[in-house]
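Accompanying notes for the structure given below.
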């Protein structure tokens, strides 16, 4: 290898991707693990990202007629039992509440007391508890559709956790709708998938493939699970959001019935759809580099940090006045409907400041010193360029141009991610080539492999299972935008009507 | 009694206040009880109110430098044990998680499995779990202050629950701060109390008394608990928000230490402060009448409903076009920084619509029929006036005036509530008069009593206890804005330097 650039994050992505991921989060100050097994603390810099993502999604949901509501955290066990596939999917990993108080035990320590007659589980998802409400809300076709969303925390007792990607507790939104017809429910499923795709591509700058899950990867209880799948920098896939057509499965389980216009009693058709704080993990693994996080401007926790450079006490007032005045002007601008988010870093800690902001992934860094002020300019660094590549820009020009610069960065991030995804996605028709594609070349880096294979699949779950057992590769989705051409199953050679996306996955 | 007006809510407030409260919530479609003991479902019309309240508070918090974050739902028991008063206060009513999966029992039903080595409790409040993070975040005086807020659900296993007022699970915000000095922490405690007072009075139109709790009513673990107390229409007090100065109690329990500028290791000083969905109950019990809820415009779920009146099919397009055009114009207006919130009720259900909106408490109802359109006017009903008191207003005038009309309603609601509070608050210096004030006159309405008594108290917890036992009356607060005059304790006759607020309370 040639010259080794000094990087802020150790190890680099190439050296050890999973460890790099932990380190980049630590260095960005976005989140930390908590003393509670598998639960995370989302720190202000990470939570602000979630606030921005939530706000965009909330607006998009409401624009389609969805309203927010809130349902209980706890679910009686017998609710879960109503849908057979559902209970199968969630019983293995749920937090169970069995008591409602603590009292002093014999050794003086507190022990659970007040045993509940019926244990409760902490919601892993809310189809059954919301279904119970829906069964009361729906009487007539006039009450339909019901379009509800909930912003909430959920708990799934994961054995192997990784911050943002897979945690025992996470934050998410879960949409739940009831419709009079199958067609309308299917249309809603697609509509919300489209919202997620737009969110991912236009805001998070993460290119995604939309499609349907195979039988084995479906949501427990769904008829069809549709999803957005993204490629991370280690070429693994991340399921970034799902939208489920639930048929009448949950309507029957929860007794959601309505009187049709012709006075016939019918079961409703339901959907559910969700994205979570996992999106933050996806954002980090799509855009960040060996110097830290890179935040896409449209959701960035902040857009720009102003760093006053004060070497002499006598300059202090002048520099701070200039900085504050610039901050006010920038905050008065609107970027995608919200004020430009400005941080001022006037801490007295010297030159480390700029690197801290690079690691945090802020799109723009602006240094302001007496010399810049003398020429009425500011010294601007962009997070999508080399850390040393900074340039002086006239202050008014900067104010006039900042929204364009932010959008340039946004576009660059998306284009880079798309190019990466395309580069590591390949049509593969030969079984040996397929196996080689997913076999690490370098034993020191077992995680590095080919990427996404677009290969034919006959539709048989047995072939899918064999591939998973041999290579730990799964069908990420049967893409909507796929290549509808005849071919032969990559595993068994039988006829196949279209290619599907095979990948290793988070 | 004179003529009995027909009301939409049965029973009326006078007939049975507690039942009226349940009925008014049902009729407004704001919330419902859930099948999970003590937990509520917040329906869209109720949740929108919470969204508006949250948004106002969130802006006000951020304006004081507070940032949002998120901490685990679960708290290890040994965390709770670290602060003696705290564990005493919360151990009696908490949900305890003891297992992490379910498996089929002998009878085929699911039973808890995977016992945890250490049980977890579902947070009733987060001082201890957040304190653990703070102990890692704080190293030096340069890291202070830390100003954090969390929007979250919490669980307190209440035995007697009442929707919005006291539920096992509720939504709230909890602010947690760490400061280098006692003075700064005390200042923050007062600053947030002031934010709550402004929120209550200027947005919820609920007049409040600010002050400090007596020793027996303090938050478990606090040095000082400050609060806002409001009078409901049954003259009982509602604690609507609290801001606690925690001294160094939790800093010592959680080991929150910092290096001072002179390099001495010191414990931090902490505060915490919160308001919850209980505010919605307070809003209902302050403003609503025997026809249903009345929402203060600044936080109302919606501001105005447009009700197209279509008696003939041929009118439909014209009326709907006119209605939609008016809706667009109204939505283009800004009321307290957000677009005017407009509902269109074009359901084909006849004359019941208007009454539904009255019960829901929307500030303005606008009927639009062919005759109104012919004169380019709309027919407007205000929720702060009699339901039959509607008047035609020129459409353009209405658009120009709507924000003023909303503010008129806001002011009327606050003035009415303030007049009610003043009317039922009395200086009482005689023990017999005090007892009589709190003794119901009418056995059929045991809840109706005098209201707030401003009486002298010597400061002795024994007197407080005797009064509570005899009358179920507590000291709601030692008011900041109180009458600092010498007097004699209403219970024991000993010297007292000021009056305190005595009341029955929720």
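The values are calculated or read from the model by the stated rules, or taken from the named source; none is laboratory data. All of these numbers come straight from a predicted model, not from anything done at the bench. Here Cβ is always computed from backbone atoms with ideal geometry, including for glycine, and neighbour counts include all displayed protein chains.
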Taking residue A:13 as the residue in question, decide whether it is touching a residue at least 40 places away in the same chain (Cβ under 8 Å), within 22 Å of the chain's Cα centre (by Cα), away from chain B (no Cβ under 14 Å) and outside any helix (DSSP H, G or I). yes
Given (1) within 9 Å of chain B (Cβ to nearest Cβ); (2) within 26 Å of residue B:33 (Cα to Cα); (3) within 22 Å of the chain's Cα centre (by Cα), where does residue A:168 come up short, assuming only one miss? (2)
Counted residues, region A:381-405 - those being surrounded by 14 or more Cβ atoms within 10 Å (Cβ to Cβ) and more than 22 Å from residue A:322 (Cα to Cα): 3
Could you go through region B:173-183 and let me know if any residue there is within 11 Å of chain A (Cβ to nearest Cβ), outside any helix (DSSP H, G or I), more than 16 Å from residue B:75 (Cβ to Cβ) and touching a helix residue (DSSP H, G or I) at 6+ places or on another chain (Cβ under 7 Å). no
Is region A:176-183 home to any residue that is surrounded by 17 or more Cβ atoms within 10 Å (Cβ to Cβ), assigned by TED's automatic domain parsing to the domain that holds residue A:54, within 30 Å of residue B:112 (Cβ to Cβ) and modelled with pLDDT of 95 or more? yes
When you scan region B:140-156, how many residues do you find that are within 10 Å of another protein chain (Cβ to nearest Cβ) and either assigned to a strand (DSSP E or B) or under 19 Å from residue A:170 (Cα atoms) (or both)? 10
Would you pick out the residues in region B:157-169 that are in a strand (DSSP E or B) and crowded, with 22+ Cβ neighbours inside 10 Å? B:169
Wholly within region B:27-110, which helices (runs of 4 or more DSSP H) include no fewer than the required count, namely at least 3 residues that are more than 9 Å from chain A (Cβ to nearest Cβ)? B:44-63, B:84-90
Could you please find all residues in region B:343-355 being more than 12 Å from chain A (Cβ to nearest Cβ) and free of Cβ contacts under 8 Å to residues at least 24 places away in the same chain? B:350, B:351, B:352
Restricted to region B:324-342 and to residues being without any contact (Cβ under 8 Å) to a residue 40 or more places away in the chain and over 29 Å from the mean Cα position of the chain (by Cα), the residue nearest to residue B:202 (Cα to Cα) is B:332
Take residue A:319 and tell me if it is over 28 Å from the mean Cα position of the chain (by Cα) and assigned to a helix (DSSP H, G or I). yes
Residue that is closer than 22 Å to residue B:219 by Cβ and not in a loop (DSSP other than H, G, I, E, B), where the choices are B:502, B:414: B:502
Residue A:403, sole failed condition from (1) more than 25 Å from residue A:301 (Cβ to Cβ); (2) in contact (Cβ under 8 Å) with a residue 12 or more places away in the chain; (3) part of a helix (DSSP H, G or I); (4) in contact with a strand residue (DSSP E or B) (Cβ under 9 Å, 6 or more places away or on another chain): (1)
Scanning region A:111-127 for residues that are over 24 Å from residue A:81 (Cα atoms) and more than 7 Å from every other protein chain (Cβ to nearest Cβ) gives A:111, A:113, A:114
Among the residues in region A:107-118, are any surrounded by fewer than 24 Cβ atoms within 10 Å (Cβ to Cβ) and either touching a residue at least 40 places away in the same chain (Cβ under 8 Å) or under 30 Å from the mean Cα position of the chain (by Cα) (or both)? yes
Run down B:96, B:24 and say which single residue is buried (at least 19 other Cβ atoms within 10 Å of the Cβ) and over 23 Å from residue A:154 (Cα atoms). B:24
Identify, by number, the condition in (1) out of contact with any strand residue (DSSP E or B) (no Cβ under 6 Å at 6 or more places or on another chain); (2) under 30 Å from residue A:500 (Cα atoms) that residue A:335 doesn't meet. (2)
